[in-house]
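Since the structure comes first, as structure tokens, the remarks are kept for the end.
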Ligand SMILES: Nc1ncnc2c1ncn2[C@@H]1O[C@H](COP(=O)(O)OP(=O)(O)OP(=O)(O)O)[C@@H](O)[C@H]1O
Ligand SMILES: [Mg+2]
């Protein structure tokens with residue numbers, strides 16, 4: 001029997017029992033749809049992490065005060081809580097690590113910011129004139145502060161988009177005065193919106209000022225919380241981080257890495273952690289989805305076995321009029337594969353629909369890729385062949401006389 | 001050369017510890033164009049003989065020559081091919097595919113046998129045969145919509161669609177009333193007369209056997225008598241003599257949707 005007739009006979013058999021065929025397909029539909037949705041979730045998460053890395057600047061290295069508390073010698077607490085990191089450290093990194101391009105000493109804190117009758121609690125960050133460039137952050141209105149502002153600890157600041165919108169709704173903030181902890185700062189620029197940060201925080205809820213100003217006039221400290229550094233190129237980031245670590249240990253006279261009073265992290269490293277979490281989650285969800293596909297396959301096998309038994313006489317007749325075993329085998333296999341392939345196609349449509357709905361209603365980043373579709377489709381067809389094989393084999397091995405006599 | 005030559009055919013079945021000898025050295029020749037009726041008591045081995053003749057089963061020993069070729073050792077696939085090309089089957093219980101039109105039922109053997117006839121030709125052949133058995137207006141009817149006699153006529157059309165040499169019928173009238181039986185026998189007699197087809201028919205009714213040219217009696221797996229029929233019955237004449245059925249309504253041809 002030729003390919004076309006095999007398919008035609010399979011379709012006739014499937015149409016003969018529409019409800020049953022539909023229910024059989026349902027398993028595959030759900031399986032494929034969940035695979036599609038899960039893969040979309042995974043690739044969406046990865047894409048958004050990648051996007052955040054590049055939005056932060058791929059060359060970025062953070063040198064923070066304090067260590068990430070591992071081992072017993074770390075009673076001094078978490079990153080940022082010690083006073084050991086200084087401007088001299090930042091200068092040394094700039095001067096002695098050739099792989100470093102730019103360095104910005106930094107301090108951070110939270111503060112109440114007031115403009116007119118508007119009042120907002122936000123985070124405030126200090127850096128030098130290179131800070132924005134290191135973080136690939138643009139100024140959309142006004143200007144960045146200059147080296148001179150930093151030198152004289154001038155009370156100027158830049159507002160993040162969120163803060164600008166809250167304090168100056170419908171107004172141009174540039175040139176206006178904001179009071180930070182009752183200290184007047186002149187707004188000289190507004191930052192480009194950056195969106196959500198890697199932990200889901202609002203990166204635009206921020207005020208940036210020269211670190212010198214914050215140290216002397218606002219916080220009353222001389223140490224730094226962290227130093228933001230860019231490497232000369234993306235492929236030198238890791239080497240630069242190693243050399244910074246070495247230099248810092250030398251400067252702080254540390255021999256045992258457990259005693260580190262600083263932490264060097266690259267953006268890639270930070271993203272990697274999240275990528276690992278995302279991947280783990282994804283494989284978990286994927287295995288659940290695969291199980292439902294498997295259950296769908298077992299459903300097909302079950303129905304095909306019932307169908308073979310029900311149609312024993314038909315098989316006997318086909319054998320009597322000249323069908324060979326392999327004709328019967330391909331007929332039942334074609335039926336199983338047709339069921340699973342149709343189920344697969346419907347599942348793909350449903351999976352895309354679910355992904356779109358989630359994107360629209362929950363705003364999760366999801367990406368339905370052609371690879372995922374091809375993969376799901378291939379899986380569905382494979383499920384049909386795999387689970388259709390045994391029933392088809394059983395049909396093909398029937399003896400024509402016994403089959404014709406079957407009641 | 002005889003169409004069929006059976007030499008010392010034996011068939012035994014093992015059921016547990018017991019061996020059942022269904023055929024015990026059966027020999028028989030069937031000439032081309034003859035209408036052989038096989039009679040015998042229940043359990044005498046008629047159906048077993050039919051299965052061997054129809055290449056559905058292989059004898060335990062002995063030889064089966066079909067058109068001079070010893071087919072008793074053929075493997076499954078070669079037997080399937082021969083069944084498809086040379087043999088047509090008519091069963092007591094019709095064995096039509098349910099929920100499938102008469103036309104498609106008749107076309108079924110054309111799907112097998114490694115030959116791809118274009119659909120138009122398949123339809124044309126099947127339709128021609130259904131017309132020949134008087135069902136030209138029932139092409140799209142499914143078995144559930146047909147009477148027993150009509151179903152058996154569809155089955156005969158199906159058996160003929162590959163223009164076989166041999167038609168095997170195992171109690172074809174077993175489920176039919178006497179009037180319908182006469183109609184079926186009329187078709188079979190006509191096939192032998194007009195197309196030169198060889199028919200081997202199994203029955204346990206002696207009056208049905210008298211429609212054939214020869215009656216072979218089987219007992220305990222052996223042929224015990226083999227006689228030509230003296231006063232052969234003519235089904236066409238008998239049917240013409242029957243009083244017409246008041247309910248008999250033959251629809252106009254081309255009334256039901258006819259496909260090309
Ligand atoms: N598959 C089988 N397994 C075991 N024994 C069988 C099998 N088929 C037939 N037999 C035995 O072979 C013998 C002949 O059976 P067969 O069906 O040929 O008889 P038959 O003449 O057709 O009878 P009937 O007129 O009742 O149809 C019987 O004794 C039967 O029990
Ligand atoms: Mg029998």
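Name the residue, out of A:281, A:286, that is surrounded by 15 or more Cβ atoms within 10 Å (Cβ to Cβ), on the phi < 0 side of the Ramachandran plot and not in a loop (DSSP other than H, G, I, E, B). Even if it seems obvious, please write down each step before you answer.
Numbers: A:281 fails: surrounded by 15 or more Cβ atoms within 10 Å (Cβ to Cβ).
Step by step, each of A:281, A:286 is checked, and only A:286 is surrounded by 15 or more Cβ atoms within 10 Å (Cβ to Cβ), on the phi < 0 side of the Ramachandran plot and not in a loop (DSSP other than H, G, I, E, B).
Looking at B:139, B:135, B:130 in this structure, which one is buried (at least 18 other Cβ atoms within 10 Å of the Cβ) and not in a loop (DSSP other than H, G, I, E, B)? Break it down stepwise before answering.
Numbers: B:139 fails: not in a loop (DSSP other than H, G, I, E, B); B:135 fails: not in a loop (DSSP other than H, G, I, E, B).
Residue meeting the stated conditions: B:130.
Taking helices (runs of 4 or more DSSP H) that fall entirely within segment B:1-116, which contain at least 1 residues that are touching a strand residue (DSSP E or B) at 6+ places or on another chain (Cβ under 6 Å), within 16 Å of ligand 1 (Cβ to nearest atom) and facing chain A (nearest Cβ under 10 Å)?
Here the list reads B:46-53.
Determine, yes or no, whether residue A:317 is in a helix (DSSP H, G or I), crowded, with 24+ Cβ neighbours inside 10 Å and within 12 Å of another protein chain (Cβ to nearest Cβ).
Working: in a helix (DSSP H, G or I): yes; crowded, with 24+ Cβ neighbours inside 10 Å: yes; within 12 Å of another protein chain (Cβ to nearest Cβ): yes.
Considered against the rule, which asks whether it is in a helix (DSSP H, G or I), crowded, with 24+ Cβ neighbours inside 10 Å and within 12 Å of another protein chain (Cβ to nearest Cβ), residue A:317 comes out as yes.
Give segment A:168-190 a look and list any residue that's assigned to a strand (DSSP E or B) and either touching a residue at least 40 places away in the same chain (Cβ under 8 Å) or at positive phi (or both), or say none.
Within segment A:168-190, the first condition is being assigned to a strand (DSSP E or B), and the residues that meet it are A:177-180, A:183-190.
Once the filter is applied, which keeps residues that are assigned to a strand (DSSP E or B) and either touching a residue at least 40 places away in the same chain (Cβ under 8 Å) or at positive phi (or both), segment A:168-190 yields A:177, A:178, A:179, A:180, A:187, A:188, A:189, A:190.
Which residues, counting only those in segment A:231-261, are closer than 16 Å to residue A:82 by Cβ and touching a strand residue (DSSP E or B) at 6+ places or on another chain (Cβ under 6 Å)?
The one that is closer than 16 Å to residue A:82 by Cβ and touching a strand residue (DSSP E or B) at 6+ places or on another chain (Cβ under 6 Å): A:248.
Here is a yes/no grid of residues against (1) in contact (Cβ under 8 Å) with a residue 24 or more places away in the chain; (2) in contact with a helix residue (DSSP H, G or I) (Cβ under 6 Å, 6 or more places away or on another chain):
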{"residue": "B:191", "(1), (2)": "yes, no"}
{"residue": "B:199", "(1), (2)": "yes, yes"}
{"residue": "B:202", "(1), (2)": "yes, yes"}
{"residue": "B:209", "(1), (2)": "yes, no"}
{"residue": "B:230", "(1), (2)": "no, no"}
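Do we have residue B:125 as more than 18 Å from the chain's Cα centre (by Cα) and in contact (Cβ under 8 Å) with a residue 24 or more places away in the chain here? Steps first, please.
On the way: more than 18 Å from the chain's Cα centre (by Cα): yes; in contact (Cβ under 8 Å) with a residue 24 or more places away in the chain: yes.
So residue B:125 passes the test.
Evaluate segment A:168-186: report whether one residue or more is closer than 30 Å to residue A:269 by Cα and at pLDDT 90 or above. Full working, then the answer.
First, pick out the residues of segment A:168-186 that are closer than 30 Å to residue A:269 by Cα: none.
For segment A:168-186, residues closer than 30 Å to residue A:269 by Cα and at pLDDT 90 or above: absent.
Given (1) within 11 Å of chain B (Cβ to nearest Cβ); (2) touching a residue at least 24 places away in the same chain (Cβ under 8 Å); (3) within 16 Å of ligand 1 (Cβ to nearest atom), identify the lone condition not met by residue A:396.
(3)
Taking residue B:96, is it surrounded by 22 or more Cβ atoms within 10 Å (Cβ to Cβ), more than 16 Å from ligand 2 (Cβ to nearest atom) and in contact (Cβ under 8 Å) with a residue 60 or more places away in the chain? Talk me through it step by step, then tell me what you get.
Working: surrounded by 22 or more Cβ atoms within 10 Å (Cβ to Cβ): yes; more than 16 Å from ligand 2 (Cβ to nearest atom): yes; in contact (Cβ under 8 Å) with a residue 60 or more places away in the chain: yes.
So residue B:96 fits the description; yes.
For the condition within 16 Å of ligand 2 (Cβ to nearest atom), at pLDDT 90 or above and part of a helix (DSSP H, G or I), what is the one hit in A:300, A:401?
Numbers: A:300 fails: within 16 Å of ligand 2 (Cβ to nearest atom).
On inspection, the qualifying residue turns out to be A:401.
Which residues, taken from segment B:10-40, are in contact with a helix residue (DSSP H, G or I) (Cβ under 7 Å, 6 or more places away or on another chain) and either within 15 Å of residue B:216 (Cα to Cα) or within 16 Å of ligand 2 (Cβ to nearest atom) (or both)? Explain how you work it out, then say what you get.
Step one: filter segment B:10-40 for residues in contact with a helix residue (DSSP H, G or I) (Cβ under 7 Å, 6 or more places away or on another chain), giving B:11, B:22-23, B:26, B:33, B:35, B:37-40.
Listed by number, the residues that qualify are B:11, B:22, B:23, B:26, B:35, B:37, B:38, B:39, B:40.
Looking at residue B:43 and the list (1) within 16 Å of ligand 2 (Cβ to nearest atom); (2) modelled with pLDDT of 95 or more; (3) within 20 Å of residue B:209 (Cα to Cα), which single condition is not satisfied?
The one condition residue B:43 does not meet is (2).
From (1) touching a residue at least 24 places away in the same chain (Cβ under 8 Å); (2) within 14 Å of another protein chain (Cβ to nearest Cβ), pick out the condition that doesn't hold for residue A:324.
Checking residue A:324 against (1) touching a residue at least 24 places away in the same chain (Cβ under 8 Å); (2) within 14 Å of another protein chain (Cβ to nearest Cβ), the one that fails is (1).
Would you say residue A:323 is modelled with pLDDT of 90 or more and outside any helix (DSSP H, G or I)? Walk me through it before giving the result.
Values: modelled with pLDDT of 90 or more: yes; outside any helix (DSSP H, G or I): yes.
Considered against the rule, which asks whether it is modelled with pLDDT of 90 or more and outside any helix (DSSP H, G or I), residue A:323 comes out as yes.
Give me the residue from segment A:289-314 that is out of contact with any helix residue (DSSP H, G or I) (no Cβ under 7 Å at 6 or more places or on another chain) and within 11 Å of another protein chain (Cβ to nearest Cβ) and, out of that set, surrounded by the most Cβ atoms within 10 Å (Cβ to Cβ).
Ranking the qualifying residues of segment A:289-314, first place goes to A:314.
The values are calculated or read from the model by the stated rules, or taken from the named source; none is laboratory data. Owing to the predicted nature of the structure, the values given are computational and were not obtained by experimental measurement. Quick reminder, even Gly has a Cβ in these numbers, built from the backbone with ideal geometry, and neighbours come from all protein chains shown.
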